[in-house]
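Please treat every number below as a calculation from the coordinates, not as lab data. Since this is a predicted model, take the numbers as computed values, not measurements. For neighbour counting, all protein chains shown are included, and Cβ atoms are generated from backbone atoms with ideal geometry for every residue, glycine included.
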Amino acid sequence: MMYIERLTRPEPVADIAALRSHLRISGDHDDADLTAMHAAVAHELEDAAEIALIWHEVKLTLDRWPDSNRVRLPIGPVLGAYPPFTVTADGDEISADLIPGQRPVIILPDPPPGARHAQIVILYRAGWGEAESDLPPDIRHALRDQVGALYDWRAATPHEIKAPAARGSAGLCYAMARVIGRYRGVSA
């Protein structure tokens, strides 16, 4: 069994000026709402695409040694030449290799005799960086478009909520749907 825990989950700080410009909003009267919507949209994207936007510390626990020595890390990306990570088996640190990237992989050594039922814990850092400016342009655009969809729907009437075709979909905007499809991992 695999258990995934985001030990830290910082909210990406919205570039409010860029967001206002994208949505063609003049004035700062809606900044608090835009900030809250941006945080909600960012968390929605992270959960749907199984990614970390801003650096997160992630803990992956396996209740036994995997059948394959390769373990795909469930939340990506893990970037950099030597990203930080640790792997333990029943509390003892073990040597492992990491293949960084959008869908990173840990390569475990062969289990020592009798260690097949050892609990494996992998701690690693996932995400593109520290700020929204570190994100790929398509993700920044999708976040802003989705905030725009939420912003447009904040004053919807009950009739419009029941008949979304009257104003367009209240679901995912096209940019957000594409980004989720592009960055989401495929599970076997």
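For the chain, complete DSSP H runs whose alpha carbons reach 15 Å or more along their own long axis and whose mean Kyte-Doolittle score is 0.0 or higher are 31-49. Structural descriptor for the stretch 56-126: relative contact order 51 percent, calculated from alpha carbon pairs under 8 angstrom and at least 6 residues apart. Label point of Ala39 set 7 angstrom out along Cα-Cβ; within the stretch 45-76, amide nitrogens under 19 Å from it belong to 45-48, 52-57. For the chain, the relative contact order works out to 27 percent when only alpha carbon pairs closer than 8 Å and six or more residues apart are counted. Between Asp92 and Ala115, the modelled labels are 0.6 nm apart [label points 7 Å from Cα along Cα→Cβ].
Overall size of the stretch 56-126 from C-alpha positions, given as principal axis extents largest first: 34, 19, 18 Å. In plain terms, the residue of Val105, Val41, Val71 with the fewest other Cβ atoms within 10 Å comes first and the most crowded comes last, giving Val105, Val71, Val41.
The spread of Cα positions in the chain, taken along each principal axis and listed from longest to shortest, comes to 65, 33, 23 Å. Name the most mobile residue of Pro104, Pro112, Pro77, meaning the one with the largest mean-square fluctuation, in a Gaussian network model of the chain with Cα contacts below 10 Å. Evaluated over the chain, the most mobile residue of the options is Pro112.
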